[in-house]
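The values are calculated or read from the model by the stated rules, or taken from the named source; none is laboratory data. Since we're looking at a predicted model, the values are computed, not measured. Here the Cβ is made from the backbone with ideal geometry for all residues, glycine too, and neighbour counts use every protein chain on show. Remember, those area values only see protein heavy atoms, side chains included, never the ligands or the DNA or RNA. Shrake-Rupley method; radii C 1.70, N 1.55, O 1.52, S 1.80 Å.
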Amino acid sequence: MHQEIQKMREIALVYLDRSGGLQKFVHDCKKYNDSKQSYAVYRFIISINPSDIAELDATLGNYVLHNPIQAAEIFQSVCFIAIKTLSLIEQLQTEAQISILLKPTHLPPLPSYVLSLSAFPFNYASQRFYMSEGIAIAMGTVTKYTQGARFLCTEETCPYSEGFRYIRVHMPGATESATVRNDFVCSLCSSPLQEDMKFRVLGDKQIVEMIDAKVLSALKGYSSDKSRFRIQTLTVFLRDELANKMKIGNHYKIIGIPSCVQNGLQATACIEVNSVQLCKPNGPPFVGDNFKYLLSLTSSSRWRFTAILANIFASQVVPPGTYNTVKLAILLSLVQTGEKENADYLDLLIATSDTLIIDRLLNYSICLLPRGIRHPPSSEIFPSVSKDKHGIGSASIHACSAVLAKGGICYIGDLSSYKKDKLELLQSVLESRTTTVFIPGKKYGEEADQQVTISIQTNFWSFVDVDSSSKKHIQKDNFLIGQMDLSLVPPNLTDVFGLLIYNELPSCQLSSPVVRHTLKKAINPEAMLYKVSQQFRMQDYEEFILFAKNLHVELSSEAENLIQGYYVASRRVRRDSIHGSTLSTSALKILISLSKAHTKLSLRKKVLEEDALIAILLLESSLTLKHGKSALCIAPNPVFPFDLSDENSLQQRDSYLMQCHHELLKFIGAYGPGIHINTNEE
């Protein structure tokens, strides 16, 4: 056995030399040596590539993967010999003072190395490396733990009453009491040991709760996946350089050693993390053939492809040709999702009398994204803080619906069901895209109060029942033409929602298909009622949206001039003598976001005037509902003024939109002096 260990030590030295680890080790030693300070523990991190080390020696490779604690001892011996041979650290006295942390670059892509958070049994007793994936749903504040400590024999005549014979180092899964306590005895004279507090080495520790990404499926309002699975959280310990490496709500792949931590009568399964890697979903590199064919058929017009997409969208929930404006707004918001900083967000507020159908439509739509969350009314929308459940007493921040929906959609249901304080918080978040969690120091054992700012990178969807609004509030007499009564919602909150859509009650011609659709679906929920539902399945739309949202689009100068001209003209037209302009400064960002969204939905990379026109019509319709009509007088349903039933209706819509473009240029020319827009006549 000794010969085998000696051979593995030699192989470990060869690996360190070939991989560049020896050079890094010498550099780390120089830092310790230059400090001229004596430490109880000298900590070194060694990066290990399991494939490379297994090629050098299968036995050592097996040790690294399946006995990492023993493998660390082998590297510990090699490092101690290197330090003494090369005189790298003069203060070092014993091998026990060296602490080695092995960091595997990866693990073999085999099921036996995956620790599933939703699978049973949960193997936490093997003390070897596992890989796991999950979403960080709760994060504690960074606290201190004992990385290493020096103990001395209390018997003065004992040779171990001085020196560095007794060194306690933190091991994976060990509690604080396992590293430092007062019941240790000397192995030589059996006298009690006492810690030399001058040599205690402290490190940073952070506790994170992770959960399997499958939980996102459980938080959707509607799903075609009927499978059942078990979900449990996993406690993750981040130590030292890994503290604060995770952000709440992100999806991570971790490698670590599982263990079981005893806290009184409770046992908690946890994992000591050695490496953390952020998981970023990639969009599919293709679009379905049916979408490609539809795009080629509609290539003669820049408006037809998105019109047909909206017309046939969600045919499993509503008949094709109904709720087209709402469905177009939903698609535009879906493709404007992402986790980039300063992203172009597009929030939706739908005013409707038909809350049941709208709720079903929004529930269906959030399932097209990996991060579509239906907010349960019983929980919090934004992060909250509570005491850590592991008995430490420190603060733990919990991710709620808005954080779990990072890079996706947070559907919060009926806006009028929330109390005033919740609506004020929602308004603040929509304005700043951040929320602040206050942590009182006295309550959580800290010296000072803390404020943690968390970025909210999601689009919000909501609706308001206009019938409920008119019943609960007395109608005002001073409404402007086109303005809607939204008394249940604070005016400032409606302003910060990017788009307000009014879903008018379907006409007599449309209500009959909706009623027939609802009755047939109630009898047979799985039935495909329309041929288009088979041609453009839910999975096809998922792939399409994932592809479209990842397109990088740029504004053309023509589109930019049109947007700027409309914005300046509207600022001058929409104003009163008391409050000034009623058009908020965020309207320009909303216009750009809508234009880019229409471009992505059209599978193009350059924003054209046609995209800007759709954005302007949607925003002008939204502003009319909020503040009444302006000099740019548009139809009540400006984007879909006709039923799209055949080629002629599409041609008729194109002609109508071209006329709208002409009217827009006249509006800019009249009310936007100094803004020059090229026209076809010029």
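See the values below:
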| quantity | calculated |
| --- | --- |
| Pair list, Cβ under 7 Å, 6 or more apart: region 284-302 residue over 21 Å from Met538 (Cα atoms), other residue open to solvent by less than 70 Å² (accessible area, probe 1.4 Å) and assigned to a helix (DSSP H, G or I) | Thr298/Arg304; Thr298/Phe305; Thr298/Ile308; Ser301/Asp654; Arg302/Glu610 |
| Residue match in region 370-378 (condition: under 24 Å from Val236 (Cα atoms), of a type in the set (Gly, Ala, Ser) and under 18 Å from the mean Cα position of the chain (by Cα)) | no |
| Failed condition for Thr146, given (1) part of a helix (DSSP H, G or I); (2) closer than 29 Å to Ile98 by Cβ; (3) open to solvent by less than 20 Å² (accessible area, probe 1.4 Å); (4) not aromatic (Phe, Trp, Tyr) | (1) |
| Strands (runs of 3 or more DSSP E) wholly inside region 361-466 containing at least 1 residues that are open to solvent by 40 Å² or more (accessible area, probe 1.4 Å) | 372-374, 384-387, 395-398, 409-414, 434-439, 450-455 |
| Selection from region 27-60 of residues that are open to solvent by 70 Å² or more (accessible area, probe 1.4 Å), acidic (Asp, Glu) and either under 38 Å from the mean Cα position of the chain (by Cα) or not assigned by the TED database to the domain that holds Ser99 (or both) | Asp52 |
| Residue, surrounded by the most Cβ atoms within 10 Å (Cβ to Cβ), within region 317-331, restricted to residues that are out of contact with any Phe, Trp or Tyr (no Cβ under 7 Å at 6 or more places or on another chain) and over 17 Å from Asn637 (Cα atoms) | Val318 |
| The one condition in (1) surrounded by fewer than 16 Cβ atoms within 10 Å (Cβ to Cβ); (2) farther than 25 Å from Arg371 by Cα; (3) free of Cβ contacts under 8 Å to residues at least 60 places away in the same chain that Thr582 fails to fulfil | (1) |
| Test: residue in region 538-557 that is open to solvent by 20 Å² or more (accessible area, probe 1.4 Å) and without any contact (Cβ under 8 Å) to a residue 40 or more places away in the chain | yes |
| Condition check for Thr306: open to solvent by 10 Å² or more (accessible area, probe 1.4 Å) and either in contact with a Leu (Cβ under 9 Å, 6 or more places away or on another chain) or not assigned by the TED database to the domain that holds Leu529 (or both) | no |
| Residues of region 621-654 satisfying the condition of being open to solvent by less than 60 Å² (accessible area, probe 1.4 Å), under 19 Å from Arg302 (Cβ atoms) and out of contact with any helix residue (DSSP H, G or I) (no Cβ under 8 Å at 6 or more places or on another chain) | Ser649 |
| Residue selected from region 158-187 under the condition among the polar types (S, T, N, Q) and part of a loop (DSSP other than H, G, I, E, B), by the criterion modelled with the lowest pLDDT | Thr175 |
| Hey, Glu380 without any contact (Cβ under 8 Å) to a residue 24 or more places away in the chain and more than 29 Å from Asp646 (Cα to Cα) or not | yes |
| Filtered residue count, region 594-609, keeping only those that are buried (at least 24 other Cβ atoms within 10 Å of the Cβ) and either assigned to a helix (DSSP H, G or I) or in contact with a Gly (Cβ under 6 Å, 6 or more places away or on another chain) (or both) | 8 |
| Qualifying positions in region 15-25 - exposed (fewer than 15 other Cβ atoms within 10 Å of the Cβ) and either touching a residue at least 24 places away in the same chain (Cβ under 8 Å) or in contact with a helix residue (DSSP H, G or I) (Cβ under 9 Å, 6 or more places away or on another chain) (or both) | Asp17, Arg18, Gln23 |
| Subset of region 188-214 [in contact (Cβ under 8 Å) with a residue 24 or more places away in the chain, in a loop (DSSP other than H, G, I, E, B) and either closer than 15 Å to Arg150 by Cα or over 23 Å from the mean Cα position of the chain (by Cα) (or both)] | Leu188, Cys189, Ser191, Asp196, Arg200 |
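Okay, residues lined up against (1) in the same structural domain as Gly498 (by the TED database); (2) over 17 Å from Val429 (Cβ atoms); (3) out of contact with any Lys or Arg (no Cβ under 8 Å at 6 or more places or on another chain):
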| residue | (1), (2), (3) |
| --- | --- |
| Leu331 | yes, yes, yes |
| Leu334 | yes, yes, no |
| Glu339 | yes, no, no |
| Thr355 | yes, yes, yes |
| Leu368 | yes, yes, yes |
| Ile381 | yes, no, no |
| Ser386 | yes, yes, yes |
| Lys389 | yes, yes, yes |
| Ile412 | yes, no, yes |
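Results for (1) outside the structural domain of Phe667 (by the TED database); (2) part of a helix (DSSP H, G or I), shown as yes or no for each residue.
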site	(1), (2)
Glu526	yes, no
Leu529	yes, no
Gln534	yes, yes
Ile545	yes, yes
Leu562	no, yes
Tyr567	no, yes
Ser570	no, yes
Leu583	no, no
